[in-house]
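Peer 1: One structure, as structure tokens, below. Some questions next.
The values are calculated or read from the model by the stated rules, or taken from the named source; none is laboratory data. Computed from a predicted structure; not experimentally measured. Neighbour counts run over all protein chains shown; Cβ positions are idealised from the backbone, glycine included. To get the accessible areas, we keep the full protein, side chains included, count just its heavy atoms, and leave off ligands, DNA and RNA. Shrake-Rupley method; radii C 1.70, N 1.55, O 1.52, S 1.80 Å.
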Amino acid sequence: MTEKPFVPDDFVVPLSLAADGFRLEPLGPQHNDADHVAWTSSIEHIRATPGFQERSWPPPAGMSLAENLRDLQSHASDFEKRTGFTYTVLDDTGKVIGCVYIYPSRTDEHVTDVRSWVSADHGTSDGPLHRAVATWLASDWPFEEVRYRSEA
């Protein structure tokens, strides 16, 4: 990813989003075990989710807990540098059920690409998550254009 922040210096990055049935908080190493369980139990479901169908993640064979930790550390570093923002999705009990990725487009500096997934056992949360995040991006973020797949 780019090293250039893609939000203005004076923009206060939201640290959470609360909605009916779930909440978002910045993804970090502290989520490693729960994040790993959530996505490795749902690889086929995630790969069928719009926005992930043509990507290499999640890898069909999964990856180790140590590899996942490195991935989460990278996302936390991006958040700190303001070059990308990844949020974990937690249900009302605090269980990790998904992720939201907010990154600059690789092809157009005026576009923000957003993807999200939920675990297979929380598949009914995909639509509500998409609606809540789309509304949040439009109301609370300074982006010119957001590309976020159509609602599933």
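Peer 1: Please sort by residue number the chymotrypsin sites (Phe, Trp or Tyr not before Pro) in region 56-99 whose DSSP state is loop and whose Cβ has at most 12 other Cβ atoms within 10 Å.
Peer 2: Sites meeting the loop and neighbour criteria: none at all.
Peer 1: Over region 101-152, give the accessible area per residue in Å² for a 1.4 Å probe, as an integer.
Peer 2: Dividing the accessible area of region 101-152 by its residue count gives 50 Å².
Peer 1: Something else about it: Taking H placed 1.01 Å from N in the peptide plane, check which residues at least 5 places from residue 89 or on another chain put their amide H under 5 Å from its amide H.
Peer 2: Those lying under 5 Å, H to H, from residue 89 are 97, 98, 99, 100.
Peer 1: Which loop-located trypsin sites (Lys or Arg not before Pro) does region 47-152 contain, where loop means any DSSP state but H, G, I, E or B and the Cβ has at most 13 other Cβ atoms within 10 Å?
Peer 2: 55, 106
Peer 1: Something else now. Full extension from residue 146 to residue 19: what is 0.36 nm times the residue separation minus their Cα-Cα distance, to one decimal in nm?
Peer 2: Using 0.36 nm per residue and subtracting the Cα-Cα distance, I get 43.7 nm.
Peer 1: Follow-up. Quick check: the angle from helix 126-140's long axis to the longest principal axis of the chain, C-alpha only, nearest 10 degrees?
Peer 2: So the helix axis and the longest Cα principal axis differ by about 20 degrees.
Peer 1: What is the helix-to-structure angle for 65-81, meaning the angle in degrees between its Cα long axis and the longest Cα principal axis of the chain, kept from 0 to 90 and rounded to the nearest 10?
Peer 2: The angle comes out at about 20 degrees.
Peer 1: What does the C-alpha gyration tensor say about the overall shape of region 45-109? Classify as rounded when a/c is under 1.5, otherwise prolate if a/b is larger than b/c, or oblate.
Peer 2: In terms of gyration-tensor shape, rounded.
Peer 1: Sorted from largest down, give the three principal axis spans of the alpha carbons of region 85-132, whole angstrom values.
Peer 2: The Cα atoms of region 85-132 stretch 37, 17, 17 Å along the principal axes, largest first.
Peer 1: Now, a different point. For every other residue with a beta carbon closer than 15 angstrom to the beta carbon of residue 67, add +1 if it is Lys or Arg and -1 if Asp or Glu, then tell me the sum.
Peer 2: That sum, taken over residues with Cβ under 15 Å, equals -2.
Peer 1: Could I ask something else about it? How many angstrom separate the Cα center of region 15-92 from the Cα center of region 121-152?
Peer 2: 16 Å
Peer 1: Further, regarding this structure: On the principal axes of its Cα set, how long, how wide and how thick is region 1-151? Give whole Å, largest value first.
Peer 2: Result for region 1-151: principal-axis Cα extents of 38, 31, 29 Å.
Peer 1: For region 16-26, what does the Karplus curve 6.51 cos²θ - 1.76 cosθ + 1.60, with θ = phi - 60°, yield as ³J(HN,Hα) per residue in whole Hz, taken in order and with x for Gly and Pro?
Peer 2: 6, 8, 10, 9, 5, x, 7, 8, 10, 8, x
Peer 1: Calculate what fraction, in whole %, of the accessible area of region 31-116 sits on carbon and sulfur atoms when a 1.4 Å probe is rolled over the protein chains.
Peer 2: Whole-percent figure for carbon plus sulfur exposure: 49.
Peer 1: Same structure, new question: Taking amide H positions as placed 1.01 Å from N in the peptide plane, with prolines and chain starts having none, which residues 5 or more places from residue 111, or on another chain, fall under 5 Å of its amide H?
Peer 2: 105
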